[in-house]
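Contents: one structure, followed by commentary.
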Amino acid sequence: MSAQAVLFDVPGPKARARNRIYSVLSLLLIASGLAAIYLGFNRTLVMVSSPGDLTNTAIWAVNPSGQWAADRWAPFIDPSTWTNYVLPGLMNTLTAALIASVLAVIFGLVFGIGRLSDHWWIRIPAGAVVEFFRGIPLLMLIFFTMAIPIVMNQVFGLPPAQFQVTALAAVVTGLTLYNGSVLAEVFRAGINAVPKGQTEAAQSIGMTKTQTMWTILIPQAVTSMMPAIVAQLVVLLKDSALGYIIAFPELLRNFTLVATRENNVIPAAIVCAIIYIVINLSLSRLAIWLERRNARRGKPSAKATAAGGAPVAVNGAAATPTGDEAAGAAPSEPRNEPLPDTEERDGRDDDGTDGDGSQKS
Amino acid sequence: MEAFLSNIDRVVDGFSWTVRLTLFSAFFSFVLGVVLTAMRVSPVPLLRTLSTVYVEGIRNSPLTLVLLFCGLGLNSAMGLSLADSVAWDVFWWAVIGLSAYTSCFVSESLRAGINTIPVGQVEAARSLGLTFTQNLRLIVIPQALRTVVGPLGSVLIALIKNTTVASVAGLGVQEASRQMKLMFDQGIAPVLPTFVGFAIGFLILTLPTGYFFGWLAKRVAVVR
């Protein structure tokens, strides 16, 4: 079911009238919510003791000591705020996210392929590492990385000053380990989604396992994995804001610095949120576009939930489809069977040779 | 390890806040997520737009920012207080922030579940004369919920781990990761066993949740 319009009939005159009433009611609800927020940050909400006070124009006027006063917003018109705080913060956020993305993809490739290894002594440790880093909070990893000098001191007796961990290193390490583990599952699912006939054909012409992996499986898997990878990068970029907690001067940290200096928490929060939303929405759009392109070309898009028994614990973004259109464009792909294409192709390849028997293998 | 075990009451106290944050936020985010989804597919265009703007806006903001807004904005700058003691005041603000954030992911999962329901189901319901609310309540949501058990489990696991962000400045809930950081900084127990101990604590919370939802998803799956 793709279009929401199937859920209700085309509204007739009565339904249209009812919808108008609902619209007005919800408008009133939104308006009162917004008014409460406005008055609250205007520091005039306390002056309202009875509903009659709301007609008093004095409480609606912009309070110079409230958050909406023009001089609270002035710092964001001043170029020096942007050059001293916002842009350096944005640079730090993007630097951390970029380094961590590259390292996480490498980590994910190594451990995702490791989990597919034929040797148990590679497969099991790789699986344990992935499950461990996926199962514990990112913030704990960041705290632990920050505490590594203490560990060095306690375990090896090194003087704490000899070994320093910068905030950037801690953020990048945490983001790499966590998102790398999630990506490992994405890669595993993507490689598993390549039709089995591909591996069999490669082996039958005498390719080694490594050759099969790097020249046959991974190139085919990459396209189907792209939407999930990009969705995970959105999670990574958002999580880089955790650097705030360990005083890494990233975007959010610098906005709170502006907010403390200028006493403008709310304007700072709004501007900061807009910047994050614009960046992440564009990345999400990219993921949707990639998913739709895959659907157009008749390729499945890998879901990380495909292979493992336990569902993938991402921030939620990668596990959910990315949009109306994405879900609508691939109606032949029910969520519980991420690989309809595989079976279809297997069936076609095996026609006349093995019949049904090989499909179940 | 002994030094860590002798502080086990602090560890248990930290995890008790983690579990409380998770349970309350899971409940509120589920309720809000269902409401957001119902709004998202409703016949009233205004409600659809409202739900879309909310979900896309919050989903693309970092959780740290959402919780900071609750802590520094609503709690400190606006001066709203939800409980008499500071510990419970920040706890409830953290629950509000986590619920506001997580409900977007619940809503997105549910909407994906609604998209898997065959059109015939809804058409049959409409041809029987069911209204939009009846249709949603009796036909669509029950079936959608069964298909999204797995994704909702992922959202819950993410929520368990996200409760650690409630230790940010302006809130500072005394949950597990904050206790761990305090134990690191106060030097009352060696770092490595402390980290391993807290990590095991989180794995005890997350791994069985994952396997339980994986099992439940298979059990209630709708065969189509």
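A residue that is over 30 Å from A:Gly112 (Cα atoms), free of Cβ contacts under 8 Å to residues at least 60 places away in the same chain, more than 9 Å from chain B (Cβ to nearest Cβ) and not in a helix (DSSP H, G or I) can be found somewhere in the stretch A:140-157. Taken over the stretch B:145-171, the residue count meeting the criterion of being over 30 Å from B:Leu80 (Cβ atoms), assigned to a helix (DSSP H, G or I) and either without any contact (Cβ under 8 Å) to a residue 40 or more places away in the chain or hydroxyl-bearing (Ser, Thr, Tyr) (or both) is 3.
I'm trying to understand the selection: among the residues of the stretch B:188-214, which are at the interface with chain A (Cβ under 8 Å from one of its Cβ atoms) and either more than 27 Å from A:Pro149 (Cβ to Cβ) or not hydrophobic (A, V, I, L, M, F, W, C) (or both)? Don't jump to the end; show me each part of the working.
Initially, the stretch B:188-214 is screened for residues at the interface with chain A (Cβ under 8 Å from one of its Cβ atoms), giving B:190-192, B:195, B:198-199, B:202-203, B:206-207, B:210-211, B:213-214.
Listed by number, the residues that qualify are B:Pro190, B:Thr206, B:Leu207, B:Gly210, B:Tyr211, B:Phe213, B:Gly214.
Has the stretch B:126-134 got any residue that is among the β-branched types (Val, Ile, Thr), closer than 30 Å to B:Leu5 by Cβ, facing another protein chain (nearest Cβ under 10 Å) and part of a loop (DSSP other than H, G, I, E, B)?
We begin by selecting, within the stretch B:126-134, every residue among the β-branched types (Val, Ile, Thr); these are B:131, B:133.
From what's left, closer than 30 Å to B:Leu5 by Cβ: none.
For the stretch B:126-134, residues among the β-branched types (Val, Ile, Thr), closer than 30 Å to B:Leu5 by Cβ, facing another protein chain (nearest Cβ under 10 Å) and part of a loop (DSSP other than H, G, I, E, B): absent.
Among the residues of the stretch A:196-210, the ones that are farther than 21 Å from A:Phe111 by Cα and not in a helix (DSSP H, G or I) come to 3 in all.
Please go through (1) more than 9 Å from every other protein chain (Cβ to nearest Cβ); (2) within 30 Å of B:Asn75 (Cα to Cα); (3) buried (at least 24 other Cβ atoms within 10 Å of the Cβ) for B:Thr102 and return the number of the only condition it doesn't satisfy. Unmet condition: (1).
Among the conditions (1) over 16 Å from the mean Cα position of the chain (by Cα); (2) under 21 Å from A:Phe133 (Cβ atoms); (3) buried (at least 24 other Cβ atoms within 10 Å of the Cβ), B:Leu192 misses just one, which is (3).
Of all the criteria given as (1) among the hydrophobic types (A, V, I, L, M, F, W, C); (2) more than 8 Å from chain B (Cβ to nearest Cβ); (3) under 30 Å from B:Gly129 (Cβ atoms), the one not satisfied by A:Leu7 is (2).
Selection of helices (runs of 4 or more DSSP H) fully inside the stretch A:1-117 by the criterion of at least 1 residues being touching a residue at least 60 places away in the same chain (Cβ under 8 Å), over 25 Å from A:Thr256 (Cβ atoms) and not small (Gly, Ala, Ser) returns A:87-115. Here B:Ser25 clears all of (1) at the interface with chain A (Cβ under 10 Å from one of its Cβ atoms); (2) under 19 Å from A:Val235 (Cβ atoms) except the condition numbered (1). List every residue pair whose Cβ atoms lie under 8 Å apart, where the two residues are 6 or more positions apart in sequence or sit on different chains, the first residue falls within the stretch B:23-48 and is under 16 Å from B:Glu108 (Cα atoms) and touching a residue at least 40 places away in the same chain (Cβ under 8 Å), and the second residue, located anywhere, is surrounded by fewer than 18 Cβ atoms within 10 Å (Cβ to Cβ) and charged (D, E, K, R). Once the first residue is under 16 Å from B:Glu108 (Cα atoms) and touching a residue at least 40 places away in the same chain (Cβ under 8 Å) and sits in the stretch B:23-48, its partners that are surrounded by fewer than 18 Cβ atoms within 10 Å (Cβ to Cβ) and charged (D, E, K, R) give B:Arg40/B:Arg48; B:Val41/B:Arg48; B:Ser42/B:Arg48.
Considering (1) touching a Leu at 6+ places or on another chain (Cβ under 7 Å); (2) within 28 Å of B:Thr206 (Cβ to Cβ), the lone condition that B:Ser154 does not fulfil carries the number (1). For the stretch A:203-215, the criterion of a residue being more than 13 Å from chain B (Cβ to nearest Cβ) and either surrounded by 21 or more Cβ atoms within 10 Å (Cβ to Cβ) or small (Gly, Ala, Ser) (or both) is satisfied by at least one position.
All of the numbers you see were taken from the coordinates with simple rules; none came from a lab. Just so you know, these numbers come straight off a predicted model, no measurement behind them. Positions of Cβ are generated from backbone atoms using ideal geometry, with glycine treated the same way; all protein chains shown enter the neighbour counts.
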